[in-house]
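Okay, structure first, notes after.
The values are calculated or read from the model by the stated rules, or taken from the named source; none is laboratory data. Nothing here was measured: the structure is a model prediction, and the numbers come from that model. Cβ sites come from the backbone with ideal geometry, for glycine too, and all protein chains shown count toward neighbours. Accessible surface is based on the protein model in full, side chains and every heavy atom, while ligands, DNA and RNA are left aside. Shrake-Rupley method; radii C 1.70, N 1.55, O 1.52, S 1.80 Å.
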Amino acid sequence: TKAAKGDLIRIADLLEHFKLKGFVVINKADLNRKITDEIKEYSKQKGLEVLGNIPMFEGFFEIINSGNLPINTGSNEVRESFSEVVRRIQEKLKKEEE
């Protein structure tokens, strides 16, 4: 969403100011392809690696409110997207430890 892009710009500025490394995960990536592409391009310009995309799916809030996680109860696409993001985060953290 446009709000997400604005959030990213503010966070990228903070990361740059404090000289911190960051990564990007795009939520609702399939909701607006144009904004998603803009987020990817902006991330690239700022040196922020996009670790994955999470698709929009109905029932997200119901799953969260029931105490479950989307990775456990969402559609196959959602589970796979979350699993890939988690895997890539773990990979990045492992490299940081080395």
> What are the pairs, 6+ residues apart or on separate chains, where a residue within the range 53-76 that is closer than 30 Å to E41 by Cα has its Cβ under 6 Å from a residue that is open to solvent by 90 Å² or more (accessible area, probe 1.4 Å) and of a type in the set (S, T, N, Q)?
Replying inline: I54/N27
>> at pLDDT below 80, touching a helix residue (DSSP H, G or I) at 6+ places or on another chain (Cβ under 6 Å) and open to solvent by less than 100 Å² (accessible area, probe 1.4 Å): is that true of I54 in this structure?
In response: no
>> For the range 13-35, give me the residue count where each residue is assigned to a helix (DSSP H, G or I) and either out of contact with any helix residue (DSSP H, G or I) (no Cβ under 9 Å at 6 or more places or on another chain) or under 23 Å from Q90 (Cβ atoms) (or both).
In response: 7
>> Go through (1) open to solvent by 70 Å² or more (accessible area, probe 1.4 Å); (2) at pLDDT 90 or above; (3) of a type outside the set (K, R) for E77 and report which single condition fails.
In response: (2)
> Of the numbered conditions (1) of a type in the set (A, V, I, L, M, F, W, C); (2) open to solvent by 90 Å² or more (accessible area, probe 1.4 Å); (3) more than 15 Å from the chain's Cα centre (by Cα), I63 satisfies every one except a single condition; which is it?
Replying inline: (2)
> Going through the range 21-51 one residue at a time, which ones are open to solvent by less than 30 Å² (accessible area, probe 1.4 Å) and more than 21 Å from R87 (Cα to Cα)?
Replying inline: I35, T36, I39
